[in-house]
Structures are given as C-alpha cells and as structure tokens.
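The values are calculated or read from the model by the stated rules, or taken from the named source; none is laboratory data. This one's a predicted model, so the numbers in the text were calculated from it and none came from an experiment. As a convention, Cβ positions derive from the backbone with ideal geometry for all residues, glycine included, and neighbour counts pool all protein chains shown.
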Amino acid sequence: MAGSGKAHLRDEADTILRVEDLNVEFPAGRGRTVYAVSGISFDIAKGETLGLVGESGCGKSTTGKAILQLPRPTSGSVRVKGNDLAAMDPESMRQARTGVQMIFQDPISSLNPRRMIGDIVAEPLAVWGPHDEDKQWPIVANMLDAVGIDPDVARYKRSHEFSGGQCQRISIARALVMEPELIICDEPVSALDVSVQAQILNMLEDLKAQYGLTLVFIAHDLAVVKNISDRVAVMYLGKMCEISESNELYDNPAHPYTALLLGSIPVPDPMANIDDVLGDEGELPSPLAPPSGCRFRTRCPLADEMCARVEPQMRRVSDDHYVACHHPLVSADPVGDPSSEVTISL
Amino acid sequence: MTDVGTDSDRLTRAEHNEPLLEVIDLKTHFQVEGGIVKAVDGVSFTLDRGKTLGIVGESGSGKTVLSRSIMRLITAPNVITHGEVRYDGRDLVTKSSREMKAYWGVEMAMVFQDPMTSLNPVVKVGRQMTEHIRHHLGVSKSEARATAIELLKSVRIPEPEVRIDNYPHEMSGGMRQRVCIAIALACGPKMLFADEPTTALDVTVQHQILNLLRQQQKDRFMTMIMVTHDLGVVAGRTDEIAVMYAGKVVEKAPTNQLFADMRHPYTQALLWSIPKVSQPKHTRLNAIAGRPPDLISPPSGCSFSPRCPYAQEKCHIEEPPLTAGAAPGHQFACWYPVGSPENEAAWERNLAAGVPQTLAAAGKLTATEELLETINLADDTSDHEGAGA
C-alpha cells in the first residue's frame, strides 16, 4: 500500500493467523523513528501458503518476526487460532508461540557451529519436553529422516560438515520438531544455488502436505514465491499494496508497484522484453520519513494530487484479489465500507 | 602504457575484425592442503569486438575464477596458471602484475558482485573515481573531477555534483553499483567484465543496472563478459552463452540457439530447475539430483555424470570433449546430447534400470526420496574415487 484497510480479511473462523493493524517502529536515535511496518492486516487459512514479497527494506522480514513477537510489535494484534499473542503476558505468550516456528535465510549461520546436529535439532524438545534424552532421539531421528538427512550419520556431526542445502534442511527439521501448525520461512532459499533451491522448494511442498502445515513464505524472488504460494501479498515501504490468489496476481496485477516488480523479473527467454518498465527510475524513499498519502507515489507513473493527500484503502478487484490504489491497473470496486474513515497520514 | 601494442598494429587487427580476446586451454589450479583444486580446467573461447559473452554456472563452477584469471587478478603463490589469454594479439598469462597495470582500467575493467564491499568505506566516492583517471590519463585534479561528474551523470546518478562528495555509506546499494560501473568505465576500457553485477540487488534495481550496462556497452562499443548464475539475466542481454560445470565449459552457443536447442543435459537441468513466473503456482520443479562435485577430486569421466539422468557407463569412464554441433557456433561436451536418438535410448535404458537420478527427473520420486538419493550419490562418488585411486 501504499494503503491500509481490511476489506481483504476473511471470516476469522476459517483462519489460523489473523494480523490486524500491525505497526512496528524502531527508534533511530536523535528522536527519529523508523516506520518499518505501518498498519498492515492479513490472514491465513489453515493449510495455505501466503507469500510476502517486496524489495529489501519493505518490512517483509519485520512482519514475519512480529508474528513471533520478535520483537513485540508497537501496536496491532497477532491472533493465532483466536489468541492474541501481542496481548499476552510473556510467559503465556512463550507457551502459545510453540505452535509457530521460523526458518531463517542463512542456513549456515543459523546453526551453532560448536554444537552437534543431534543436539541442535533436539533443543526445542529440551526446553518443552520430553526432557528424557532417550525419548527425544526417536523424534529427532524421524524429523531428520523426513528432510532427507541420514540421522545416524548427522547426529554427532557439526554444521561445517554439511553443505548449505543440507544445513537448511537441518534448520527445517529443527522447526518441525515442535510439530508447529504455522512456519514462517524468511528467505529460506535465497542463499542456495538454483539446483539446491528446487530440491528445498519441492521438499517444503511435500512436508506441507505430510504434516498439514501452514506457511508464511517471505522472499524477494517473485518466481519462487509464485511457485510455492496460494496467495501473495506485495509490500512496499511498510505497507501492503496488493493481496491476491497467486495466479491472478501474476496474470492481472492491479497495483502499479506489482506491475513494476513483475516487469523487472529477468526471464530465461531471449525473446522476452527487457526494456524499461514504468516507474523503473526511482529509489526507495527512507522509512524514516515515508511519503504522505500513498507511499509509492514518488515512483508511481500514475500518481496525482490525490495520491499525495489521501492514503488508499484496500478495495476488491475480484474474489480474493484486493488492491490499495487510487488508480488500479484493472477495474476495482469503490472503497467498500462507507463507514471506513479516510486516513490522511502525515 | 606502451606495452599494449603499437597503435597501427592494433588498428590493423581491429580493421581485420580479429577477435579481441582469445582464451586457449586456460587452466587455473589452486594448490591447497588437501590437493589441487582445479577451479578452471582447460577453457577455450574467442570473443569478437563489441560482443557480449555470458558465463553461466552454479557456485563452484569456476566462472568467477575464469573471469579473474583472464584479467590476471589471481596471482597468489599457490596458483598454477596454464594456457594462453590473447588480448588483442598479446598473451597476458606471461605478464607480471606490473605490466598488467597498463591494461587494468584502460583496456579491461571489472564490475564486482558486491557494491557494499568493493568501494572503500572511508574514502569519498569522488576520490575513488578520480584516482585512476589521474593515474592513467594524466589530467589535472579539476579536470579529473569534471570527468568524474560527467561519468556519474552518464550512469544516471541524480545530482552528481553533490553525490561526488558522498561516502559510500550515504548511498543505496543500487547507487553504489552505479558508482562501481562509473569507476570501471572511467578510462574507457575496451573490455568490461561484470561478475554477478546484480546478485546483491533488488529485482527493480537489477533491471535498472542491467539496462544501464547494456546502454553503456552500446554507446562505447565495449566487449563484455557477464558472469552470472541466473539464466534469466543473460537471456536477452548476451550474444553468446558459455555454461560452466566443474571448471569446464560444457556447452557454448549463440544465445538464441542455446535457448532454442540446448544439447547438454546440465544446461537443460539448470533451466528446468528454475521456477518461472509463466508456470502456474505449485508447479513441481525438476530439481537436479545430488550436488556440485568436489573440485579436488572430481568424478571420473564426465563430471556431471553422477547427477545426469542420461548417464551411461561410458560417461562415468571417458570424458566427453567439447565438440561442434550442427548449428554454427554451437559446441557441447556430451556423449549422449539432448535431442539425439542416443539420448532417448539412454533415458529409456536408465528408466528401465531404475537409475535414481533418472527416476527423480521423471518425477517418480518424492522430494525426500530425491534427497536421500543425494546422500547415496555422494557415497557412490567417493566409492568411485576409491576404486580409481
């Protein structure tokens, strides 16, 4: 978004995660504030994969971490199966959070180089039980097996003895060992070679089916996100621009920023058009002082005076396709709820 | 500066349209504790003036070492270099670093992968640019500064007069990469190496930088080598592509020819393993079984054979040479090239015999089974080595 609004949220009974009005701000010294995530809302149905895409600095990783309360968001609610993690006291939040796990970008640095793989994967169990090591190992071995690592070979080895792809699989095993319902994957394949990347993506799909997982998949590679996601949310400078079912988003982008992103993808086809796309020239503004109104307006080829003044709200394009833009590229319903106030930010 | 050849001699070469760069059986090996790493192992190609060659491969395929070897940037004592690099008729491999100074910046320049670390963080970008303009072109301080501002303008940095006095940390990643490009272009090189120039950048910035490079190349009639792991980056932007695997070129062809009719199983596997936006969501990816080979003791025969779905016994024993195909300029190193009847027969044979990487490529294994095969494959390779030794 460039905008706010909740028109795209679904009935809460069907969703496993519902994030509303999430704000994450960081102090930047000298009284300044970084507005990393500003008023975004989204939900995820059980068994669904939601892709979060955007350029670096758009707040996609911050959003992923805010779901896990790392750190706690400045304001807003994060409801996992109806329980608001953001409103809980630290101890009950810690317990409720076991059902949500995370996989990080750099597989090598996310494993402690001095600990053995068997212990790393058993660590969540050491905290939450079973505390008996003899009971932990079968669970750990089972998980390592599920991610294609030979448990008996790996048990007493350390991370430097494995390749990047293998380390990422070990990280996935560590996340799975708590039998989570929701896994936040923060750029899980961007540090890997293309051939290994395909192995991990295929494996995530299989594990998802096998364990009934729900995924939040954060990545900057739009082709990867389309491949794995059921729905995709596009973020720009801490706001959500557009959220849609994946095929629909890539076929009919409604937000000019989505169109810019899609037009910039290098396509492995020598006949593809590689000329400049609209809005190509600009640079990401500073999140210390985001533009007024629609945050994308400084790069947007369609921006006018209204975009500087009024922040666009989420509006429906078609079933399961919503956009926050005053001048969408495909026709959209007028802002649905007449009672929803029009925000004038900054 | 005199050692790059006399003007008349070079003019004749240019008039006769002789290639700017000829690489003949180049080998760059590193002597390390565990043995010899054959990072580049016998690469040959020629590159005509004003053309762009894309070098594609995964990490460890030797693509970066190749480009740096051509520029003679790899000179540590444990490096063994064989072969010839003829730049405009002169062999560079025998030149010392001192002699190479006449080439660097003026004749050939490089844009590196990481714009965050390739600039000096404590020196203003202006001085980093004027330093070698003054050294090579012998101009005054103020002239060099004026040239630098012009260069910043040509790489489309807004307010170049202000930006020239910035430190690198005051610029975004995309802007820093523009500065690196401006530095590389400063002395008007005839040959530009771009080593993963956009890997560290966002997709929109990547698009800007690639188009900028294309424009500059056209304006200045530069010859370019673009090194990347991304087939998408080179698809529309190169005249020729060389695909590298385990230190060797396994396939080389004019870009359109390569995409229309790829013959090497690795090239095919590489293209198939990438998710594409044109495919619907949840399209099953054709992952390549196994992982890249160990360059200290590469597999015997064809180095791709342990991962290749078409591999036959011959592939494990005998290394295929890089041979010319039917189309002009198309070369590949494979005993059973894709699209040939031998290839189809090999596929059928492997499928019937239940060769794991063939089953995986046919989509008959789950991802976990594929991954477990990876481990078995790795074990197999070490067995082969044991038997060979």
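Within region B:93-102, does at least one residue satisfy the condition of being surrounded by fewer than 21 Cβ atoms within 10 Å (Cβ to Cβ), farther than 30 Å from residue B:16 by Cβ, touching a Ser or Thr at 6+ places or on another chain (Cβ under 8 Å) and at pLDDT below 95? Walk me through it before giving the result.
We begin by selecting, within region B:93-102, every residue surrounded by fewer than 21 Cβ atoms within 10 Å (Cβ to Cβ); these are B:93-102.
Then keep just the ones that are farther than 30 Å from residue B:16 by Cβ; that gives B:97-98.
From the residues that got through so far, the ones that are touching a Ser or Thr at 6+ places or on another chain (Cβ under 8 Å) too are B:97.
Still in the list and also at pLDDT below 95: B:97.
Yes, the conditions are met somewhere in region B:93-102.
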The residue from B:39, B:76 that alone is in a strand (DSSP E or B) and either in contact with a Gly (Cβ under 9 Å, 6 or more places away or on another chain) or more than 29 Å from residue B:262 (Cβ to Cβ) (or both) is B:39
Residue A:217 fails exactly one of (1) under 27 Å from residue A:315 (Cα atoms); (2) at the interface with chain B (Cβ under 9 Å from one of its Cβ atoms), namely (2)
Taking first residues from region B:173-199 that are at negative phi and second residues anywhere that are of a type in the set (Lys, Arg), the pairs with Cβ under 8 Å that are 6 or more apart or on different chains are B:175/B:163; B:178/B:156; B:185/B:220; B:190/B:49; B:195/B:68
Listed by first then second residue, the pairs whose first member lies in region A:143-163 and is hydroxyl-bearing (Ser, Thr, Tyr), whose partner is surrounded by 15 or more Cβ atoms within 10 Å (Cβ to Cβ) and part of a loop (DSSP other than H, G, I, E, B), with beta carbons under 7 Å and at least 6 positions apart or on separate chains, are A:159/A:108; A:159/A:111; A:163/B:291
Taking region A:236-255 and the residues there that are within 11 Å of chain B (Cβ to nearest Cβ) and charged (D, E, K, R), the one that is surrounded by the fewest Cβ atoms within 10 Å (Cβ to Cβ) would be A:251
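Within region B:206-226, take every residue that is among the β-branched types (Val, Ile, Thr) and within 17 Å of the chain's Cα centre (by Cα) and give me the one that is farthest from residue B:115 (Cα to Cα). Spell out how you get there, then give the answer.
The initial filter retains those residues of region B:206-226 that are among the β-branched types (Val, Ile, Thr), namely B:209, B:223, B:225.
If we keep only those that are within 17 Å of the chain's Cα centre (by Cα) too, we end up with B:223, B:225.
Values: B:223: 22, B:225: 18 Å.
Selected residue: B:223.
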Those residues of region B:217-264 that are of a type in the set (Phe, Trp, Tyr) and within 14 Å of another protein chain (Cβ to nearest Cβ) come to a total of 2
When every residue in region A:65-76 that is of a type outside the set (A, V, I, L, M) and more than 16 Å from residue A:239 (Cβ to Cβ) is compared, the one surrounded by the fewest Cβ atoms within 10 Å (Cβ to Cβ) is A:71
When (1) touching a strand residue (DSSP E or B) at 6+ places or on another chain (Cβ under 6 Å); (2) on the phi < 0 side of the Ramachandran plot are applied to residue A:11, the one that fails is (1)
Checklist entry - Would region B:126-149 turn up any residue that is within 29 Å of the chain's Cα centre (by Cα) and in a loop (DSSP other than H, G, I, E, B)? => result no
- [ ] Looking only at region A:256-276, decide whether some residue is more than 8 Å from chain B (Cβ to nearest Cβ), touching an Asp or Glu at 6+ places or on another chain (Cβ under 8 Å) and of a type in the set (Gly, Ala, Ser).
- [x] no
Discussion item. Suppose the filter is among the hydroxyl-bearing types (Ser, Thr, Tyr), within 11 Å of chain A (Cβ to nearest Cβ) and part of a helix (DSSP H, G or I); does residue B:204 pass it?
Written reply: yes
Condition (residue is under 30 Å from residue B:268 (Cβ atoms), surrounded by 20 or more Cβ atoms within 10 Å (Cβ to Cβ) and aromatic (Phe, Trp, Tyr)) applied to region A:202-220: is it met by at least one residue? yes
Consider residue A:287 carefully, then state whether it is modelled with pLDDT under 90 and away from chain B (no Cβ under 11 Å). yes
Flagged in region A:109-154 as part of a loop (DSSP other than H, G, I, E, B), within 14 Å of chain B (Cβ to nearest Cβ) and over 29 Å from the mean Cα position of the chain (by Cα), in numbering order, are A:150
Margin query: It is to be established whether one or more residues within region A:187-207 are at the interface with chain B (Cβ under 8 Å from one of its Cβ atoms), touching a residue at least 40 places away in the same chain (Cβ under 8 Å) and touching a strand residue (DSSP E or B) at 6+ places or on another chain (Cβ under 7 Å).
Written below: no
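Name the residue that is surrounded by the most Cβ atoms within 10 Å (Cβ to Cβ), counting only residues in region B:164-183 that are in a helix (DSSP H, G or I) and not hydrophobic (A, V, I, L, M, F, W, C).
B:177
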**Asked** Within region B:84-91, is there a residue that is over 29 Å from residue B:137 (Cβ atoms) and in contact (Cβ under 8 Å) with a residue 24 or more places away in the chain?
**Response** yes
Residue B:54 vs (1) on the phi < 0 side of the Ramachandran plot; (2) assigned to a strand (DSSP E or B); (3) surrounded by fewer than 23 Cβ atoms within 10 Å (Cβ to Cβ): all pass except (3)
